[in-house]
Structure formats: structure tokens, C-alpha cells
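Working notes, beginning with the structure itself.
Only the coordinates and a few stated rules stand behind these numbers; no lab work does. Here the structure is a predicted model, which means the values were calculated and not measured. Neighbour counts run over all protein chains shown; Cβ positions are idealised from the backbone, glycine included.
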Amino acid sequence: MLASLGLILLCQLIGEAVVRGLGLPLPGPVLGLLLLLVLLLARDRFALLARGPLRNDGVETASKGLLAHLSLLFVPAGVGVVQELDLLASHGIAIILVLALSVVVTLLATVLTFRLVSRLLKQQDAR
Amino acid sequence: MKDNPFSLWVYLSQSPLLWLTVTLLVYATTDAVSLATRRHPLANPVLHAMWIIGVFLLLTGTSYTTYFAGAQFVHFLLGPATVALAVPLYENRKRVVSSIVPMLVALVAGSVTAVVSVVLLAELAGLPRDVVLSLAPKSVTAGVAMGIAESLHANPSLAAVAVILTGIMGAIIVTPLMNRTGVTDYRARGFAAGLAAHGIGTARAFQVDEIAGVFSGIAMSLNALVTSFLVPLAVTLLVR
């Protein structure tokens, strides 16, 4: 468990270091995600890597534990709304309407594009 | 301590322990309520934990800085949790690879829609320029959005609030909206949730369906990438 958490943190650390070092416009943890994915895939290919947290579902179990409470992790940032009460008092309704409309439009655009493209591909395969 | 119970409060209210405990207990309660309502969208645990803790801070006159000294231990885990998304991605890699084309096209369509729609609507509503810029990156996860807002000389803490509000509204709206569109493909539904509502959408997607959660996590990561490039471009083109 400890080694698994350590491995997750190490992936994030390397991600942050590379992003900072090279000035990449992406978040460090996203690079860390790619790194852990590559490690898991490499483990299946090379038996040598299947040790420590990469053995017996170690890192898998730790990751699922973290993801089980993903919502909780947003609470501290969300409470930050108390700092913006003045702004919300003056523009709150407009801001909330703008965000609500935009999120609906974005959800629809994404889901419909996904469906459309995967249907088109299926039709092609069928031919 | 006995002659002045107030001094105990003064001590505790300044300690990280109290605010970490409050965060965990309030969330445990709102999450239990959410579970008891069989994950009804309106019982969103983040939404209710947020306002309950917010009211508590206002009533006790506690500053956000003091609160965050305790809550930062929870906040910190956002990074490792993002790395941990590699695991569901790895376990479902075959399904992901087979949907790569619809995913990439939907990613471009969704990212562009997210940024352009919010900028145009905010301008239409006559919001000040600084607010428009802070709302632009609202569909990506908090850390990234704050970075984008900073690079545009906008208000990072407003950007974070816009991100959380978007996430909560997205998480509440996604299930009823998707049911109405008649889309039953959980890959598409999850992908839309993660793209439009980042980690809060992803948390919601995992509650509904494992595959939806996986696709939501991918969408959230990819959108963080695309939006970092897209916002500066859209702002130059669209904001007066």
C-alpha cells in the first residue's frame, strides 16, 4: 500500500518536474497519468518490472481507493466561493446563467459528436 | 480552560485539525445522504458540503485561509487522484483504443464549444472583461484553469470558483439531460461529462457506470491539454 502510494506520487513528481523543466503547457499530474499508464503496459510485456507495487494489483488497489472518493477532493476548492461573495452579489446571476447554458451546450455538442462519429464508423465497417 | 470555554475554540479554530475534521465529516454526511437518495443528481455531495462548510465559516467568522490550512491535505490529493486515473484507463484499454476516433473528434468539438460558448455568452451578458477572461477556462480541472487565468492576467480564484460551479452544474444536469437525448452509450455520456465538468463530472460518471467513469477521466485529461492552447486563442479572437 505504501509503496503503491509512493509510486503514484513519484509519477506525479516526475510529471511536474518535466512540465516545469520543459515549460510544457500541460498539467504535471496529466503527464504523471501517462507515465503510470506506460509503466502498467510495460509490466505486461516485461516480467522484470512486475515487482513491488506493480505486482498483485498493488498500485491498482491504491488508485481505486483514491478514486472512490474523488468528489471529496473538490470540496476545499469549492468552499473558496466564500472569498468571491462580493462578486457573486453583483454579477452572480449572470455568471451562473452563463455557466449553466455553456455546460448544457458543451455536454450536448460532445455527446452528439461522439455518437455521430461512432455511428458513421459502424456503417463503414458494415459495408 | 474550564473558566473560559472560548479560549478552547480560539485554539481549535486556528488548528488545521479542526478544519480537516469538519471537511471529512460534512462530506461523509452529504455523501451518505446522496447514497440514501440512490445518488439523486440534486443530492450532489460536493454542492451540499460546500455550502454547509461555507455557512459554517461565515457564522464563525473564520477566514478561508485558516480553513484551507486544514483542508489543503484533502486538496493536495487532487494531483495523485489524476495520476490514479491511469488504472481504470489501463484496465479498459481495449474499449478505449477501439473508440479512439469518435473520442478525438468529440474532444475537438466539445473543447471548442466549451470555450467559445462561455466567452460569447459572458460578453452577451455584459460581464466585465476581467470576469469574462476568468470564466473562459471553466471546463478544465481547477489547477489548470487557475494557471490559464493567471497567464491571461485574470482572476485565478474566480476561475477556480467558475470551475467548481461548472462541475457541480454539469454533474447535476448530465444524467437527466442525457436521458432526454436518448443516448444510452455510456462511453459517449461519460466522455461528455468529463469534458464539460472535469473531475466533478468524472466523480458523477463513476457513480453511474464504470465505463462512463473511464471515458470521463480520459476526456478530463485530454481537455486540460486542449483548453490550455485554446483559451488564449479564443480570447484574442473573441474578447474585445
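Specify whether the C-alpha gyration tensor of the stretch B:85-240 places it in the rounded, prolate or oblate class, a ≥ b ≥ c being the square roots of the eigenvalues: rounded for a/c under 1.5, otherwise prolate if a/b is larger than b/c and oblate if not. It comes out prolate by the Cα gyration axes. The listed peptides B:136-143, B:106-113, B:117-124, B:178-185, ordered by packing as a protection proxy, come out as B:136-143, B:106-113, B:117-124, B:178-185 (highest mean of other Cβ atoms within 10 Å first).
Please give the average number of partner chain Cβ atoms lying within 10 Å of the Cβ of each residue in A:7-16, rounded to a whole number.
On the way: counts 1, 8, 3, 1, 6, 6, 2, 0, 3, 1.
Partner Cβ neighbours, averaged per residue: 3.
Give, as a single signed number, the net charge of other residues whose beta carbon lies under 11 Å from the beta carbon of B:ALA192, with Lys and Arg counted +1 and Asp and Glu -1.
With Lys, Arg at +1 and Asp, Glu at -1, the net is +2.
Report the normalised scattering of chain A as log10 I(q)/I(0) at q = 0.09, 0.12, 0.19 Å⁻¹, calculated by the Debye formula with identical scatterers on the alpha carbons. Taken in order of the listed q values, log10 I(q)/I(0) reads -0.52, -0.84, -1.08. For the residues of A:59-68, the average number of beta carbons from a partner chain within 10 Å of their own beta carbon is 5.
Here the mean projected area of the convex hull built on the C-alpha positions of the protein assembly as shown is 21.3 nm².
If you look at the Cα atoms of the stretch A:1-72, you get an Rg and a Dmax of 13.0, 37 Å.
Please identify the DSSP H helices in chain A that span no less than 15 Å along the helix axis (Cα) and have a mean Kyte-Doolittle hydropathy of 1.6 or more. Span-like helices here: A:2-22, A:28-45. Secondary-structure-derived ellipticity at 222 nm for chain A, considering helices only, amounts to -26000 deg cm²/dmol, per-run term -39500 (n - 2.57) for DSSP H runs with n ≥ 4. P(r) for the stretch B:1-76, from all Cα pairs and a bin width of 10 Å, is 18, 44, 27, 10, 2 %, short bins first.
Quick one: net charge around B:THR181, please, counting Lys, Arg +1 and Asp, Glu -1 for every other residue with C-beta under 10 Å from its C-beta.
Result for the neighbourhood of B:THR181: +3.
Peptide B:228-235: average number of partner chain Cβ atoms within 10 Å per residue?
Working: counts 5, 2, 0, 0, 1, 0, 0, 0.
Across B:228-235, the average partner-chain Cβ count within 10 Å equals 1.
Radius of gyration (Cα atoms) of the stretch A:69-121, expressed as a multiple of 2.2 N^0.38 Å: 1.68. Two tests apply to each whole DSSP H helix in chain B, Cα reach of 18 Å or more along its axis and mean Kyte-Doolittle hydropathy of at least 1.6, and the ones passing both are B:45-60, B:100-124, B:210-238. Here the stretch A:4-127 is assigned +1 on the Cβ of each Lys and Arg and -1 on the Cβ of each Asp and Glu. Its dipole about the Cα centre then comes out at about 640 debye. Sorted from longest to shortest, the spans of the Cα atoms of the stretch B:1-134 along the three principal axes equal 70, 45, 29 Å. The Cα atoms of the stretch B:137-225 give a gyration tensor whose axes a ≥ b ≥ c have a/c of 1.5 or more with a/b greater than b/c, which makes the shape prolate.
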